[in-house]
Amino acid sequence: MELLLDIGNSRSKARLAAGGQLSEIQLENISAEQWSSITAVYCASVAADSRVLAIREQIPSAIPFIQIRSEAQAFGVTNSYQQPHLLGVDRWLALVAAAELYPNTELLIADAGTALTIDWLSGAGVHQGGWILAGQKLQQEAVLSKTAKVFSAELETEQLCPATDTATALYQGAIAALVGAIRQAHAIKPTQRIILTGGDALLLQKYLTDLPIQLEPQLIFQGLARYIQPN
């Protein structure tokens, strides 16, 4: 059994991998019995090194700790960056997982978390570039930090429409920006499928029902699982 870690800027997530299955777990809730069954830890991080070190201290030192980094080529996927390590490892793992799940398929991969990342992957497994923009909460925080009389609220509406109060205007504006970015990405370079993952995937999905959306909530972990070494 292996422990997979996705260490992000906002929060960290963990999965146990056993027999090809992934199960959600909280790092602090792993029992002594479970630790004794874990043969390795595979970690992907876009956070500061200090955060990785803090999490690593919670893991028994006898267990191998493998931190995955973006590569020029692996698992039939080719990185488009001239300096491959500069492609965020979360984006790299999403590409790796997507290529395995949907082989020989032109894909648009949208990971909606703290940031929204959008990447194109050809049917031959070649990364064709991508975009990065602030996620919906980060967009709202940016506006709030620069304005004195704008405030926000946790809102969720069934459709995008002109708002008649400030909090709704801010919320809907952020959602509209993300939805618009995904639509524009698909319009300028259409693909057979759009894979949607990340914390805001379900939120955005309902505004994109006319597009070939496929939800893959565990995409990053599926990419991490590709690195598990056979016993």
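The figures follow:
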read-out	value
Space enclosed by the convex hull of the alpha-carbon atoms of segment 1-98, per residue, Å³	111
Computed E for residue 132/residue 35 - FRET, C-beta separation, R0 35 angstrom, nearest 0.05	0.45
Probe 1.4 Å, accessible area per residue of segment 14-118, Å²	50
Stokes-Einstein D (µm²/s) once Rh is taken as the Kirkwood radius of segment 25-150 over alpha-carbon pairs, at 37 °C in 0.692 mPa s	193
The chain, helix-only ellipticity at 222 nm - DSSP H runs n ≥ 4, -39,500 (n - 2.57), divided by all residues, nearest 500	-9500 deg cm²/dmol
Solvent-accessible area, 1.4 Å probe, carbon plus sulfur percent, for the chain	51
Within the chain, longest stretch clear of exposed GluC sites (Glu not before Pro) (DSSP loop, no more than 12 other Cβ within 10 Å)	58-153
For the chain, size of Cβ-based charge dipole, Lys and Arg +1, Asp and Glu -1, in debye	420
Zero-based 10 Å bins, Cα pair distances in segment 97-142, whole percents	29, 41, 22, 8
Sites residue 229 and residue 176, calculated FRET efficiency, Cβ-Cβ separation with R0 45 Å, nearest 0.05	0.55
Rh by Kirkwood over Cα pairs, then Stokes-Einstein D for segment 177-217 at 0.692 mPa s and 37 °C, µm²/s	318
Lysine pairs in the chain with Cα atoms under 26 Å, if 8 or more residues apart or on separate chains	6
Loop-resident sites, segment 40-133, for trypsin sites (Lys or Arg not before Pro), counting at most 13 other Cβ within 10 Å (DSSP)	69
15 Å beta-carbon shell around residue 43, net charge (K/R +1, D/E -1)	+2
Cα centroid of segment 33-61 to Cα centroid of segment 77-99, whole Å	22
Radius of gyration, Dmax [the chain; alpha carbons; angstrom]	18.8, 60
Kyte-Doolittle at least -1.0, axis length at least 20 Å by Cα - qualifying DSSP helices, the chain	166-188
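The values are calculated or read from the model by the stated rules, or taken from the named source; none is laboratory data. Quick caveat, the model's predicted, so the values are computed rather than measured. Positions of Cβ are generated from backbone atoms using ideal geometry, with glycine treated the same way; all protein chains shown enter the neighbour counts. To get the accessible areas, we keep the full protein, side chains included, count just its heavy atoms, and leave off ligands, DNA and RNA. Shrake-Rupley method; radii C 1.70, N 1.55, O 1.52, S 1.80 Å.
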